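Quick notes on the structure that follows.
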Amino acid sequence: MTPTNLYLFEDRRARRWAPFSLTRPAGELLFGCLTLRERAEQIFGMECQGHLSRHALVGFDEPDSAVAISLDDVSEDTTRIMISSRAVPDFQEVEVPTEPAWIMVNGIPAGWVLPPGTELPSELSLRDPSINPGYSKTLELKGEMIEHPWNLLARNPARIQTDIEMLWPQHSVPDGSILIGDGPVSLGSGAEVEPGIVFDTRQGPIRLAENTRVEGPARLTGPLFIGPKSVIHGGRVGTSSIGAVCRIHGEVSNSVFIGFSNKSHSGYIGHSLVGRWVNLGAFTTNSDLKNNYGPVRVWTPEGHFDTGQMKVGCFLGDHVKTGIGMTLNTGTVVGAGSNLFGNVMPPSKVPAFSWGSGDHLARYRLTEFLATAKQVMARRKIELTPGVIKILVKAWERTAERLAE
């Protein structure tokens, strides 16, 4: 039997998912209880061999993630499944065709199945998979395609619910806890929950992954996913996805923390997408609702975009830091590597590697940024790898005079 390899690729839209696409492949963003890559791996039953992304991301080798590669690195003597990072297939049985096939997700072109000897897609096709390859076979998958980063937030609660129901259907309420509602509570091995924690499952289930810890007093509201080795230091946390090795306290609502980020103090984060290695100072708070209750506009590399949504918080790139008492306006986009402090609200679009308060933003010196990043990651026993260092240096150089892409 011919071996099969799985690859994720980023089309033109995914490559512009600011501020995250500057420093990581889109497939490593968390949606529901899985990253987009992990979801593809679940559906196809195999490990992803790499991300086909922007050339600037080739060499990305973050621990516990798939590497970023170029087309030249794709195996030629295997069957290759190449699917868009924006694709979110539902859980389903998949029979991989033995002949070249166009992959469709909910009727939208999303990739290809390429048996040995089949020519790889061009760079143009990777950017626009709707270009008809001329294949007679189509692999139809149920699911959805994510258009914008804020869609990851709006659709996250339903995705959490489906993931828990399919992956962890067992129900196990910790002794001494208070359960409200009849939704399931799922505990991974080694999860610790102090007595008196409130589990509110009226709106959806709750999953505490392996080796999580919840300290009181705390109220957890479903749908909710807490990733491996994360700690809830009390507060109200609900309708959110918290990735691995996060520290959370205060109030978090309808948000996604990709992983390895800290919000260890009081403050409110709502309807927000938070990258890796973010540290939010005490009382950092964002707005997620305009005073006139109108739709929120968000900056993108193509200009400001009307999300059509009433509630949208902020988008914080990797390695963002905020000082004590920081406030962030509705729809704020903060580029990777930024360090914001002071009691003045920053602009709604903050360039990558910014340093300062309010509108008075300077460039974060590269050597100092990298030294801090290494120190922060070492505290979690994670190495800042040469591949990631190279990508961060490129990102710093590319964004010297403009907002993060």
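Couple of notes before you dig in:
- Counting only strands (runs of 3 or more DSSP E) that sit completely within the range 173-283, those holding 2 or more residues that are without any contact (Cβ under 8 Å) to a residue 40 or more places away in the chain correspond to 178-180, 185-187, 198-200, 218-221, 231-238, 247-253.
- Filter pass, Val113 being closer than 27 Å to Ser261 by Cβ, outside the structural domain of Pro169 (by TED's automatic domain parsing), in a strand (DSSP E or B) and aliphatic (A, V, I, L, M): no
- Candidates Leu71, Leu52, Leu57, filtered to the one that is touching a residue at least 24 places away in the same chain (Cβ under 8 Å), in the same structural domain as Leu34 (by TED's automatic domain parsing) and closer than 19 Å to Leu384 by Cβ: Leu57
- Residue in the range 295-310 that is within 27 Å of Glu62 (Cβ to Cβ) and without any contact (Cβ under 8 Å) to a residue 60 or more places away in the chain present: no
- Selected residue (criterion: nearest to Val274 (Cα to Cα)) from residues of the range 239-257 that are surrounded by 21 or more Cβ atoms within 10 Å (Cβ to Cβ) and among the small types (Gly, Ala, Ser): Ser255
- Meets criteria (touching a Phe, Trp or Tyr at 6+ places or on another chain (Cβ under 8 Å), of a type in the set (Val, Ile, Thr), part of a helix (DSSP H, G or I) and closer than 30 Å to Phe283 by Cα) for Ile164: no
- Residue tally, condition surrounded by 19 or more Cβ atoms within 10 Å (Cβ to Cβ) and either more than 19 Å from Arg16 (Cβ to Cβ) or of a type in the set (Gly, Ala, Ser) (or both), over the range 286-319: 7
- Across the range 167-187, not a single residue is classified as touching a strand residue (DSSP E or B) at 6+ places or on another chain (Cβ under 6 Å), within 30 Å of Val298 (Cα to Cα) and not basic (Lys, Arg).
- Filtering the range 46-83 to residues that are in a strand (DSSP E or B), touching a helix residue (DSSP H, G or I) at 6+ places or on another chain (Cβ under 7 Å) and closer than 19 Å to Leu22 by Cα leaves Gly50, His51, Leu52, Ala68.
Condition check ((1) more than 24 Å from Leu273 (Cβ to Cβ); (2) among the charged types (D, E, K, R); (3) in the same structural domain as Phe260 (by TED's automatic domain parsing); (4) modelled with pLDDT under 95) across all residues:
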site	(1), (2), (3), (4)
Glu140	yes, yes, no, no
Ile160	no, no, yes, no
Ser172	yes, no, yes, yes
Ile178	yes, no, yes, no
Val185	yes, no, yes, no
Glu194	yes, yes, yes, no
Gln203	no, no, yes, no
Thr212	no, no, yes, no
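- Selection from the range 346-387 of residues that are in a helix (DSSP H, G or I), surrounded by 18 or more Cβ atoms within 10 Å (Cβ to Cβ) and in contact with a Leu (Cβ under 6 Å, 6 or more places away or on another chain): Ala373, Met377
- Residue check, Ala56 surrounded by fewer than 22 Cβ atoms within 10 Å (Cβ to Cβ) and more than 19 Å from Ile164 (Cβ to Cβ): yes
- Considering Glu93, Glu28, Glu62, Glu47, the condition of being touching a residue at least 40 places away in the same chain (Cβ under 8 Å), of a type outside the set (Ser, Thr, Tyr) and either surrounded by fewer than 16 Cβ atoms within 10 Å (Cβ to Cβ) or not assigned by TED's automatic domain parsing to the domain that holds Ser136 (or both) is satisfied by Glu47 alone.
The values are calculated or read from the model by the stated rules, or taken from the named source; none is laboratory data. Keep in mind the model is a prediction, meaning the values are calculated, not measured. All Cβ positions, glycine included, derive from the backbone under ideal geometry; neighbour counts span all protein chains shown.
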